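The values are calculated or read from the model by the stated rules, or taken from the named source; none is laboratory data. Predicted model, so just to flag it, every value in this text is computed and none were measured. All Cβ positions, even for glycine, are placed from backbone atoms using ideal geometry, and neighbour counts span all protein chains on display. When the accessible area is computed, the model is the full protein with side chains, heavy atoms only, and any ligands, DNA or RNA have been set aside. Shrake-Rupley method; radii C 1.70, N 1.55, O 1.52, S 1.80 Å.
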There are 2 protein chains.
Amino acid sequence: MTEHRRGFRPTILYEHSRLSTRLGARVTIASEVCQPTGSFKIRAALHVVSHVSQNLLIASSAGNFGQSLAYACLQVRKSCIIAMPKKSARVKIEAVREYGGQVDLYDTAIQSGDDRVRELIQEHPEAYRADAFDDPLVIEGLASLGIELAKVTPSFDFVLIPIAGGGLSAGIIQGIRQEGAKITAIGAEPAVGNDAALSLKAGHIVKLDKEPQTNADGARTRSLGVHTWPIIKDGMTDIVEVSEDQIREAVRLLFTLANTKAEPAGALAVGAMLSRPSAFKGSNVCCVVSGGNVDPAVYADILLGS
Amino acid sequence: MTEHRRGFRPTILYEHSRLSTRLGARVTIASEVCQPTGSFKIRAALHVVSHVSQNLLIASSAGNFGQSLAYACLQVRKSCIIAMPKKSARVKIEAVREYGGQVDLYDTAIQSGDDRVRELIQEHPEAYRADAFDDPLVIEGLASLGIELAKVTPSFDFVLIPIAGGGLSAGIIQGIRQEGAKITAIGAEPAVGNDAALSLKAGHIVKLDKEPQTNADGARTRSLGVHTWPIIKDGMTDIVEVSEDQIREAVRLLFTLANTKAEPAGALAVGAMLSRPSAFKGSNVCCVVSGGNVDPAVYADILLGS
């Protein structure tokens with residue numbers, strides 16, 4: 001019943017009647033915050049490290065993918081270097097190190113994570129360049145969550161998915177399809193970094209000029225990936241833009257009405273319900289709470305806000 | 001897979017390697033914070049309301065039992081009056097009301113919860129006096145958690161249980177016995193309200209002069225009950241006293257290393273490991289996190305402390 005020593009655990013599904021009442025729908029939370037590394041990314045990382053031949057993996061990550069990759073490498077005795085923005089959540093940097101990952105801090109004002117990873121790969125040409133989202137192996141690994149959600153009865157009308165690079169969305173869509181389920185997939189994205197919403201409207205990938213400065217640090221991506229985009233384009237019905245205030249309110253609601261510690265990006269799905277209160281009225285909605293890794297001071301500040 | 005509409009859900013079991021490393025043991029959390037009303041009390045309340053003939057129930061509760069009783073009454077169309085201390089956590093008072101329970105606020109400086117309930121029972125002689133812990137029906141209902149824990153493999157060496165009136169402890173001990181499992185049950189009690197620890201040493205129930213002023217508001221009881229005591233006396237090996245600082249540190253560790261929102265009383269088991277770091281070294285320990293209902297401001301204050 002406890003977590004697999006080397007694996008991830010099934011998502012945790014629960015309803016709280018007060019959250020459902022507040023949001024005007026039957027809301028089931030699919031919580032990934034109790035995964036070994038505190039987010040859904042462990043599903044992707046374990047799949048990647050166990051399917052590539054290389055023993056060294058290099059990746060750029062705001063944090064959750066980084067710590068998951070480090071944890072996954074530890075399980076299979078591989079190594080990794082994680083390029084992280086200097087201003088990443090402190091808890092995330094510490095976690096990568098605690099799992100034995102090497103942290104490489106870079107300044108986002110000077111270069112992008114992609115640029116930094118390119119430099120690191122030049123230094124270590126034997127390494128596998130692991131991408132936090134734009135890799136078919138990542139999408140395959142994340143399909144496991146879609147498969148779990150597709151098996152829930154009665155079937156959800158909607159699944160609301162926090163969206164950044166699109167790995168989680170593409171994976172869930174793929175898993176749902178694989179099971180032949182009919183659940184409408186909706187993305188939830190910070191409004192200040194709405195590249196995915198713009199992409200879905202435009203019919204092609206829209207890339208932001210720079211990393212968006214949203215409080216949802218797990219969603220500070222500039223664009224969807226070439227592997228995630230086609231799946232999202234076909235499989236995602238809509239992407240809801242969530243304001244920074246709504247993200248913070250969603251974190252508070254999850255705390256108060258569902259005893260759930262979500263990081264800001266992890267609360268995006270609930271934020272989408274605040275952004276579009278009438279869209280989901282009376283429906284059977286699954287909100288994916290994708291991760292819970294947030295600095296105590298940041299979290300306390302959100303709780304004390306109003 | 002989601003909660004039973006009218007029931008409680010199985011406890012959620014998970015390990016976080018960083019929490020285990022920090023505490024020096026293999027630590028599995030048994031979390032009750034995602035129960036319908038946010039604590040283990042729903043197991044007791046549902047059992048009571050469905051086994052008594054009366055349609056009105058009256059109880060005194062710091063909060064968690066109160067909201068669980070209100071929720072349980074709502075499920076079976078019964079009514080309840082909950083006597084609550086005026087200084088109960090605001091979220092707990094609100095929750096009782098939201099579930100349709102009638103809240104009766106009393107001043108702990110003037111009378112005890114027991115006194116107030118006696119007055120209410122005189123006004124409503126047709127009612128069932130529901131006790132938060134000292135009722136064989138409560139213990140029977142809570143045995144369900146012991147049964148779940150007894151079934152986990154490999155078997156736990158220790159189960160650490162927050163203790164107030166002793167209902168949860170007695171129930172878990174009874175459930176473990178029923179399954180024939182051999183798990184050492186240890187209580188975790190606020191040091192400033194150590195009546196249970198004193199009772200176990202003295203061999204008889206020790207009652208405090210007044211409600212202890214611990215931050216763990218779920219553990220503000222003056223003594224064990226006549227029904228819980230004999231089971232605890234025989235079945236509990238030891239009761240660890242946890243300081244207020246350790247309770248707060250335990251709340252922070254659960255937040256930081258296990259993405260778990262615990263109320264102070266809910267963090268007592270982890271606090272016991274901080275209080276006795278060598279006692280559980282290298283063991284396979286289950287920490288019962290009994291509830292998660294805490295005011296945001298109180299919680300933020302704990303997170304910001306050091």
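A residue that is surrounded by 24 or more Cβ atoms within 10 Å (Cβ to Cβ) and of a type in the set (S, T, N, Q) can be found somewhere in segment B:147-170. Within segment A:89-113, being touching a residue at least 24 places away in the same chain (Cβ under 8 Å) and not in a helix (DSSP H, G or I) holds for A:Ala89, A:Tyr99, A:Gly100, A:Gly101, A:Val103, A:Thr108, A:Ser112.
Yes or no, residue by residue, for (1) open to solvent by less than 10 Å² (accessible area, probe 1.4 Å); (2) away from chain B (no Cβ under 14 Å):
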{"position": "A:Leu253", "(1), (2)": "no, no"}
{"position": "A:Leu257", "(1), (2)": "no, no"}
{"position": "A:Lys261", "(1), (2)": "yes, no"}
{"position": "A:Gly271", "(1), (2)": "yes, yes"}
{"position": "A:Gly282", "(1), (2)": "no, yes"}
{"position": "A:Asp295", "(1), (2)": "no, no"}
{"position": "A:Val298", "(1), (2)": "no, no"}
{"position": "A:Ile302", "(1), (2)": "yes, no"}
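The number of residues in segment B:114-154 being free of Cβ contacts under 8 Å to residues at least 12 places away in the same chain and either more than 23 Å from B:Thr228 (Cα to Cα) or in contact with a Cys (Cβ under 8 Å, 6 or more places away or on another chain) (or both) comes to 5. Each residue in segment B:20-65 was checked for being within 12 Å of the chain's Cα centre (by Cα) and either acidic (Asp, Glu) or more than 21 Å from B:Pro10 (Cβ to Cβ) (or both), and 4 of them qualify. Restricting segment A:104-119 to residues that are surrounded by fewer than 20 Cβ atoms within 10 Å (Cβ to Cβ) and aliphatic (A, V, I, L, M) leaves a set whose member that is farthest from the other protein chains (Cβ to nearest Cβ) is A:Ile110. Screening segment A:86-102 for residues that are farther than 22 Å from A:Asn215 by Cα and surrounded by fewer than 20 Cβ atoms within 10 Å (Cβ to Cβ) and picking the one that is nearest to the other protein chains (Cβ to nearest Cβ) gives A:Glu98.
Residues in segment B:171-204 that are among the aliphatic types (A, V, I, L, M) and open to solvent by 60 Å² or more (accessible area, probe 1.4 Å) were compared, and the one that is farthest from B:Ala109 (Cα to Cα) is B:Leu198. Scoring A:Glu126 on the criteria (1) modelled with pLDDT of 95 or more; (2) under 22 Å from the mean Cα position of the chain (by Cα) leaves a single failure, condition (2). Restricting attention to segment B:46-76, the residues that are over 17 Å from B:Asp104 (Cβ atoms) and either open to solvent by less than 10 Å² (accessible area, probe 1.4 Å) or touching a Phe, Trp or Tyr at 6+ places or on another chain (Cβ under 7 Å) (or both) add up to 8.
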